[in-house]
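**Student:** Just passing along the structure, written as structure tokens.
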């Protein structure tokens, strides 16, 4: 299974750095969709994922439209993560999918409303108390990505500690 984490217009470099580190740890490809709210070379971004940049498979896209042209949602296993999602992130059966894309929007606005409406059946959410707005982006990526890994029996990941 190949996992793709797609960040659409991320704004906070520390979040993207943390997400890059998560992607490196699980072998997921990171897609960054421009415009970004920071420069890839910013110190804060590098510091958050410092030891992992050379182990990261990363692809940049000049716009969301260009990303969607290249990786068509109709032809790929694509899920749109939003607080307004129709399904809980644990509902899809990810284990029989060769390649999976999980899209996350910018920290302040999420994914575009028209995109969510168009692919409403592919929207997923992380349950939380309704009085709260949302979780931190890097936490959300880790939650969804690790559940996909869990459903795929942590394929290609070390499960047993060699320390004790």
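The values are calculated or read from the model by the stated rules, or taken from the named source; none is laboratory data. Because the structure is a prediction, the values reported are computed rather than measured. Every residue, glycine as well, gets a Cβ built from its backbone with ideal geometry; the counts of neighbours run over all protein chains shown.
**Student:** When you check residue 90 against the structure, is it more than 20 Å from residue 31 (Cβ to Cβ) and surrounded by 14 or more Cβ atoms within 10 Å (Cβ to Cβ), yes or no?
**Tutor:** yes
**Student:** Still on this structure, please answer the following. Could you please give the count of residues in the range 50-64 that are surrounded by 14 or more Cβ atoms within 10 Å (Cβ to Cβ), modelled with pLDDT of 95 or more and outside any strand (DSSP E or B)?
**Tutor:** Number of matching residues: 1.
**Student:** I've got another one for you. Residue under question is residue 140, and the condition is that it be surrounded by 10 or more Cβ atoms within 10 Å (Cβ to Cβ), assigned to a loop (DSSP other than H, G, I, E, B) and in contact (Cβ under 8 Å) with a residue 40 or more places away in the chain; does it hold?
**Tutor:** no
**Student:** Please name all residue pairs, on different chains or six or more residues apart, with Cβ atoms under 6 Å, provided the first residue is in the range 65-76 and is on the phi > 0 side of the Ramachandran plot and modelled with pLDDT of 95 or more and the second residue is outside any loop (DSSP other than H, G, I, E, B) and surrounded by fewer than 16 Cβ atoms within 10 Å (Cβ to Cβ).
**Tutor:** Sorted first by the residue in the range 65-76, then by its partner, the list stays empty.
**Student:** Here is a check on your reading of the model: is residue 99 under 15 Å from residue 26 (Cα atoms) and surrounded by 12 or more Cβ atoms within 10 Å (Cβ to Cβ)?
**Tutor:** yes
**Student:** Tally up the residues in the range 126-137 that are modelled with pLDDT of 90 or more and either surrounded by fewer than 19 Cβ atoms within 10 Å (Cβ to Cβ) or at positive phi (or both), please.
**Tutor:** Residues that pass the stated criteria total 5.
**Student:** Hey, does the range 22-37 have a residue that's assigned to a helix (DSSP H, G or I) and without any contact (Cβ under 8 Å) to a residue 12 or more places away in the chain?
**Tutor:** No, there is no match, as no residue in the range 22-37 is assigned to a helix (DSSP H, G or I) and without any contact (Cβ under 8 Å) to a residue 12 or more places away in the chain.
**Student:** May I ask you to say which residue of 115, 103, 111, 135 is under 22 Å from residue 22 (Cβ atoms) and free of Cβ contacts under 8 Å to residues at least 60 places away in the same chain?
**Tutor:** 135
**Student:** Here's a follow-up. Can you tell me which residues in the range 143-158 are assigned to a helix (DSSP H, G or I), crowded, with 16+ Cβ neighbours inside 10 Å and touching a residue at least 60 places away in the same chain (Cβ under 8 Å)?
**Tutor:** 144, 145, 148, 149
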